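Undergrad: Quick one: this structure, given as structure tokens, is what I'll be asking you about.
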Amino acid sequence: MSDIGLLSTCQLLTFSLSRGGVRSIVQLTILQELEISIGLEVNIVDFFDLIIGTSGGGIVAAGLGIRKFGVQKCIDKFQQVSKQAFTKRTGAGGVFGPLIEAQHHSRYKTTNLSEALQKAFGEDTILFGGQRDPTHEPITRVGVSAATPSRHTFLLSNYQRPQVASVGRPTYTFYRGETAEEELKVWEALRATSAAPRYFKSFYHKASGYTFYDGAITCNNPIFLAHTERKILWPEQHERDPDILLSIGTLWSNQDGSSSEIDKANPKGKFGVRQYVKNLFGIMMAAVHDDLDCEKTWSSFYDSLNISEGDGHRKKKYWRINPKIPNTPPALDSVSSMDDLQDIARKYCSTSPEIKNVASTLIASLFYFQMKSASKITLSGFQTCEGKG
């Protein structure tokens with residue numbers, strides 16, 4: 001859809017990807033199953049005009065939308081990045097683990113994450129303004145969220161759009177460098193969106209002077225960002241529903257407990273061991289509740305649409321796919337769980353009517369009506385129209 005003109009009869013397709021660490025493998029598996037269900041040998045990303053992701057979801061968004069990996073290749077790359085990034089420091093798993101984490105301000109070596117992202121996405125590939133893909137494939141607009149130490153959300157993207165006042169939830173800044181040097185590389189944007197407190201150090205972008213943390217701190221489910229961005233990018237579609245707005249999660253459970261913001265302690269770049277240990281409990285407790293927050297964010301978004309109970313047409317425009325499981329989901333750094341996570345996602349897709357419904361909606365989006373001209377005919381009397389249904 002992104003390589004044709006957007007007429008009044010041709011609507012937009014958008015999807016957003018929640019945070020999840022290694023559990024973002026669930027998102028990729030769901031997308032793979034959707035692609036199979038559609039059965040047209042079309043890359044799933046080519047159905048969408050805009051993708052917004054947070055944390056692990058941001059890595060998925062960039063792999064599919066910027067690098068055009070294809071789902072299976074993106075799965076392979078994601079697994080490689082996860083295994084390299086979540087390599088524990090020496091001694092971090094023992095009784096002195098918390099102190100070692102505190103000394104280094106992170107559980108894992110941040111250089112491992114940076115090197116893994118550079119290997120997967122290239123060291124010099126610019127997020128915006130770089131050289132176009134020689135295959136001349138249509139550009140998919142991709143954005144990833146990141147948070148500053150003051151808890152303000154930034155959207156880092158591969159596209160340009162008007163700078164307008166941010167409204168909605170959360171308010172955010174659309175980042176665009178004032179000079180070419182201030183533009184982020186792809187791997188830097190992904191390093192920023194995945195800089196989860198406790199797991200990795202914050203990301204300092206020297207050229208712009210900004211420090212970024214994991215986007216999930218302020219925006220664990222970027223559905224509001226996706227909805228706002230599509231309206232800014234295509235103002236003529238502002239009052240209309242998209243063909244589809246798809247939100248994909250990374251598992252959830254009622255055992256996640258009550259809602260709480262991630263990282264209540266708001267750790268900043270430089271503090272000592274004592275302060276780190278003091279803040280660590282707040283970070284851990286907030287992370288436990290994050291999955292349920294993603295679902296509450298979706299519920300809040302859906303309620304804001306004011307779709308009446310009997311309006312089946314509008315209901316089919318907005319979808320949330322997120323398998324619910326009976327037990328607490330694996331930790332964000334549980335690399336050993338990735339195979340099991342894929343099995344859970346495949347089992348869910350094999351029985352969920354949502355997959356077939358979304359697949360049908362995507363197929364239908366390939367067809368649209370274009371009025372090229374019209375003529376006016378004035379008739380009198382009675383006319384009879386006959387035909388077969």
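Undergrad: Out of the residues in region 220-236 meeting the condition of being surrounded by fewer than 17 Cβ atoms within 10 Å (Cβ to Cβ) and in contact (Cβ under 8 Å) with a residue 40 or more places away in the chain, tell me which one is farthest from residue 311 (Cα to Cα).
TA: Selected residue: 232.
Undergrad: Please state which one of 194, 202, 247 is buried (at least 22 other Cβ atoms within 10 Å of the Cβ), closer than 30 Å to residue 360 by Cβ, of a type in the set (S, T, N, Q) and touching a residue at least 12 places away in the same chain (Cβ under 8 Å). Steps first, answer last, please.
TA: Details: 194 fails: closer than 30 Å to residue 360 by Cβ; 202 fails: closer than 30 Å to residue 360 by Cβ.
Sole residue among the options that is buried (at least 22 other Cβ atoms within 10 Å of the Cβ), closer than 30 Å to residue 360 by Cβ, of a type in the set (S, T, N, Q) and touching a residue at least 12 places away in the same chain (Cβ under 8 Å): 247.
Undergrad: So which of 322, 357 is in contact with a Phe, Trp or Tyr (Cβ under 9 Å, 6 or more places away or on another chain), polar (S, T, N, Q) and surrounded by 19 or more Cβ atoms within 10 Å (Cβ to Cβ)? Even if it seems obvious, please write down each step before you answer.
TA: Details: 357 fails: surrounded by 19 or more Cβ atoms within 10 Å (Cβ to Cβ).
Being in contact with a Phe, Trp or Tyr (Cβ under 9 Å, 6 or more places away or on another chain), polar (S, T, N, Q) and surrounded by 19 or more Cβ atoms within 10 Å (Cβ to Cβ) holds for just one of 322, 357, which is 322.
Undergrad: Next question. Which pairs turn up if I take residues in region 157-169 that are in a loop (DSSP other than H, G, I, E, B) and look for partners that are of a type in the set (D, E, K, R) and modelled with pLDDT of 95 or more with beta carbon separation below 6 Å, at least 6 apart in sequence or on another chain?
TA: Filtered contacts from region 157-169: 159/141.
Undergrad: Checking residue 182 against (1) surrounded by fewer than 16 Cβ atoms within 10 Å (Cβ to Cβ); (2) at pLDDT below 95, only one condition comes out false. Which one?
TA: (2)
Results for (1) surrounded by fewer than 22 Cβ atoms within 10 Å (Cβ to Cβ); (2) modelled with pLDDT of 90 or more, shown as yes or no for each residue.
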| position | (1), (2) |
| --- | --- |
| 147 | no, yes |
| 150 | yes, yes |
| 167 | yes, no |
| 187 | no, yes |
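Undergrad: Is it the case that residue 209 is at pLDDT 90 or above and on the phi > 0 side of the Ramachandran plot?
TA: Numbers: at pLDDT 90 or above: yes; on the phi > 0 side of the Ramachandran plot: yes.
Judged against the criteria, residue 209 is a match.
Undergrad: Here is a further query. Among helices (runs of 4 or more DSSP H) lying entirely in region 63-122, which contain 3 or more residues that are at negative phi, modelled with pLDDT of 95 or more and touching a Gly at 6+ places or on another chain (Cβ under 9 Å)?
TA: On the way: elements: 71-85, 97-104, 110-121.
By residue number, 71-85.
Undergrad: When you check residue 139 against the structure, is it out of contact with any Leu (no Cβ under 8 Å at 6 or more places or on another chain), more than 24 Å from residue 82 (Cβ to Cβ) and part of a loop (DSSP other than H, G, I, E, B), yes or no? Reasoning before the result, please.
TA: Details: out of contact with any Leu (no Cβ under 8 Å at 6 or more places or on another chain): yes; more than 24 Å from residue 82 (Cβ to Cβ): yes; part of a loop (DSSP other than H, G, I, E, B): yes.
Here the answer is yes, as residue 139 does meet what is asked.
Undergrad: Still on this structure, please answer the following. Of the numbered conditions (1) farther than 18 Å from residue 64 by Cα; (2) at pLDDT below 95, residue 134 fails exactly one; give the number of that condition.
TA: Of the numbered conditions (1) farther than 18 Å from residue 64 by Cα; (2) at pLDDT below 95, the odd one out for residue 134 is (1).
Undergrad: Count, please, the residues in region 309-318 that happen to be surrounded by 17 or more Cβ atoms within 10 Å (Cβ to Cβ) and touching a helix residue (DSSP H, G or I) at 6+ places or on another chain (Cβ under 7 Å).
TA: So the answer is 1.
The values are calculated or read from the model by the stated rules, or taken from the named source; none is laboratory data. Bear in mind that the values here come from a model prediction, so they are computed numbers and not experimental data. Neighbour counts are summed over all protein chains in view; Cβ atoms, including those assigned to glycine, are modelled from backbone coordinates with ideal geometry.
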